[in-house]
1. I want to verify a result. In a Gaussian network model of the chain, Cα cutoff 10 Å, which of these has the top mean-square fluctuation: GLY56, GLY152, GLY90?
2. Structure shown: which of LYS61/LYS182; LYS61/LYS94; LYS155/LYS182; LYS262/LYS285; LYS61/LYS329; LYS285/LYS329 lie over 19 Å apart, alpha-carbon to alpha-carbon?
3. With θ taken as phi - 60° and the coefficients 6.51, -1.76 and 1.60, list the Karplus ³J(HN,Hα) couplings across region 151-158 in order, rounded to whole Hz; mark glycine and proline as x.
4. From the phi of every residue in region 90-96, what ³J(HN,Hα) in whole Hz does the Karplus formula 6.51 cos²θ - 1.76 cosθ + 1.60 yield, where θ is phi - 60° and glycine or proline is x?
5. I need the peptides 97-104, 284-291, 325-332 ranked by packing, meaning the mean over residues of other C-beta atoms within 10 angstrom, with the highest value on top.
6. Is there a quick way to get the dipole size of region 185-336? I mean about its Cα centre, with the Cβ of Lys and Arg at +1 and of Asp and Glu at -1; what is the value in debye to the nearest 20?
7. Once amide H atoms are built 1.01 Å from N in the peptide plane, which residues 5 or more positions from ILE280, or in another chain, come under 5 Å H to H?
8. Under the rule of at least 5 residues apart or a separate chain, name every residue whose amide H is placed under 5 Å from the amide H of HIS261.
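We did not get these values from a lab; they are worked out from the coordinates using the rules stated. It should be emphasised that the depicted structure is a prediction, and the values quoted were computed from it without experimental measurement. Reconstructed Cβ throughout: ideal geometry from the backbone, glycine too, with neighbour counts over all protein chains shown.
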Amino acid sequence: MDNSNRIVPPHLNAEIYRTDTTGTNTLSYLDYVRIHSDGSVLVGSSELTGRYWNGGVSVYKSIAEAQSIKTEDKRSISLCSGTADGCFIGSSNKLLICEDSGAVSVWVKNGDQQNAWHQWREDLSVAEHDNAVLAVDCLEPERLYATAGADGNVKVWDINDMICIRNYSAAHSMIINTIAVKPKSAHSFATGSMDQYVTLWDENTDKAVLDIMKNNCAIHCLAWLDENRLVVGDEAGVLYLVDIRNTESNVKITEFPAAVHKLVVHPDTDKVAVCCDNRIVTVCKVEENCEPKVIYHDRHMHSNYVRGAAWDIEDKNTLHTVGWNGELKSHTISLG
């Protein structure tokens, strides 16, 4: 603060800015976590300071190693912009990263080198979104991936050549916050937007298949429970269950005190992990033909917003979360 009160002659402004180190410490705001089948952990972060707005990605060999995250640790991959989403491509040695600059990039690991600066290299990168790329999901493993952006566009990529094979220009009239591929499908996916619509798409057609839902406020996240049922979270903090076979009969699961930010469905159970714009981690049980209920609620593990979650690959009752406090936490969920 003292530095900002100095009176500097105009011709020295550039030099003062260049040499000023006040407030240049990088803080890692962890935004998402993905767990590979071999146990590797991908953690993406946006690193924000007064002078910089960068990002980074770290890959760890296990959850135990990932829990040693410290905010000052160097990232495996340093980016020139923040990153809101990313995923493994096939093996844990290949990544697809979404960047706030509008770029979608593929990174590969060079090998088990001791020098962390040279472990990862950018293999392919294309910046065809006109704003931040906010979400990605897999249509066909190791080949087709769909991305959604703040430009309102949805793109389907053949990542082997990094070519956009389907561009849904102005898919929504506002920012698209989320995208989710339908289970057991290599073609269908749903998107949710600030324009209040949840829309179903098919990669084989160039127009929307169906407007699944028209909400009364912005859609922030969605996730498929099965081939027909979709969980939707909105800006008002309401969690809905929507059946695409009867889109008029939406069921309100529960309501939270803040906007719903992310949903993660357990692949083998009816548990849905929920992160909102607060420090709370919630797990709901949404069984077919049964009343949905909250089975877990924690507000103490994180000291800042919780942004990402992933279910453990070995223990179906363990949930891992990351947040803006820069730490990865593990939660034990009872069967309820």
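1. Of GLY56, GLY152, GLY90, the Gaussian network model singles out GLY90 as fluctuating most.
2. Working: LYS61/LYS182 29 Å; LYS61/LYS94 14 Å; LYS155/LYS182 16 Å; LYS262/LYS285 16 Å; LYS61/LYS329 16 Å; LYS285/LYS329 21 Å.
In this structure, LYS61/LYS182; LYS285/LYS329 lie more than 19 Å apart at Cα.
3. 7, x, 9, 10, 10, 10, 10, 8
4. x, 7, 7, 9, 9, 10, 10
5. Details: 97-104: 22.9, 284-291: 13.5, 325-332: 17.6.
Packing order, densest peptide first, comes out as 97-104, 325-332, 284-291.
6. Charge dipole of region 185-336: 480 debye, to the nearest 20.
7. Excluding prolines and chain starts, which carry no amide H, the hits are VAL306.
8. CYS275, CYS276, ASP277
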